[in-house]
Ligand code: PAF
């Protein structure tokens, strides 16, 4: 596995891989502090690609003022061990100066679906994500790019960006990875105290409860489902709800409160963002009325 820190060197290495027929190029963009969720993306990329590139870059552009950019957890040595073990061929770790050598004047902005959910609570966040992922796609020119569905809104935004801008890359969405007790894996879980960690289980528990209630026919409308999500989260005294929403997916359009969810055509998302102390956690479940099942 090669560790590369400059764009020039990465482009040369990838030219060599392409010339040698080590294609398709599979790309796993990350911000590091890797966990089993990232490992599953690398494994999936390794199955589908001739060359697997992972990037590790904590992107300042996607953090708002007062967010955790400076304290975002970092552990390069551990990340490199995981990347190598799971089958990455190249790990690209640029500095901020390498990625942003001058003040950024060109940004990529996907409208409408970035205005809801995390976009509403974190203004500018998805512009930062779309901009850095566009830059990384231009640098790596991957055939396939792998993202986890825990960030389902990010997947929707990036798919729309790729489609609107005719980028020649296929976005592969991979399932949410969870601890055995249901907590969705996240680099930010490390911030949780033992008590917060235990109360954070209300996220996955509420999503599961609503899914079960929909399957059993005890919950029907969007409003009932939303109320059940909220009351499930309120079982934790430490939880401060940022949002608990049910929207269409991937367009993230509202569903009228009185509408029966099983009458909605296409995919829907139940999405949660909840703060425990200073740590903001997200989780979601994407499903269709037809099968009321998780889509991956
Ligand atoms: O999901 C992440 O880790 C980041 O948003 C990404 C896609 C690597 C862009 O910085």
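Every number in this text was worked out from the coordinates using simple rules, so none of it is lab data. Given the structure is predicted, the values throughout are model-derived calculations rather than measurements. Using ideal geometry, Cβ is built from the backbone for each residue, glycine included, and neighbour counts are taken over all protein chains shown.
Annotations
- Kirkwood-based shape ratio for the chain, expressed as Rg/Rh from alpha carbons: 0.97
- Relative to the dominant Cα principal axis of the chain, helix 7-19 is inclined by about 90°.
- Shown for 54, 161, 230, 177: other C-beta atoms within 10 Å of each C-beta, ranked fewest to most, produce the order 230, 177, 161, 54.
- Ranked 240, 292, criterion: other C-beta atoms within 10 Å, fewest first: 240, 292
- Residue of 83, 194, 48 that the Gaussian network model of the chain assigns the largest fluctuation, springs spanning Cα pairs under 10 Å: 194
- As a ratio to 2.2 N^0.38 Å, the alpha-carbon radius of gyration computed for the stretch 242-296 takes the value 1.22.
- Cα-Cα pairs of the stretch 203-296 separated by more than 18 Å (percent): 39 percent
- Residue of 127, 164, 283 that the Gaussian network model of the chain assigns the largest fluctuation, springs spanning Cα pairs under 10 Å: 164
- Across the chain, the relative contact order, built from alpha-carbon pairs under 8 Å that are at least six residues apart, equals 16 percent.
- Largest to smallest principal axis extent of the C-alpha atoms in the stretch 149-236, angstrom: 45, 36, 19
- Antiparallel %, DSSP beta bridges [both residues in the chain], to 5: 55 percent
- Degrees, to the nearest 10: 152-164 long Cα axis against longest axis of the chain: 60 degrees
- Its DSSP H runs of at least 4 residues, each contributing -39,500 (n - 2.57), put the calculated 222 nm mean residue ellipticity of the chain at -11000 deg cm²/dmol, to the nearest 500.
- Separation between Cα centres of the stretch 1-66 and the stretch 175-198, rounded to whole Å: 24 Å
- Choice from 278, 23, 248 with maximal GNM fluctuation in the chain (Cα, 10 Å cutoff): 278
- Orientation-averaged projected area, Cα convex hull of the stretch 31-127 (nm²): 7.7 nm²
- C-alpha center-to-center spacing [the stretch 89-167, the stretch 239-281] in angstrom: 22 Å
- Tilt relative to the chain, helix 125-140 - C-alpha long axis, 0 to 90 degrees, to 10: 30 degrees
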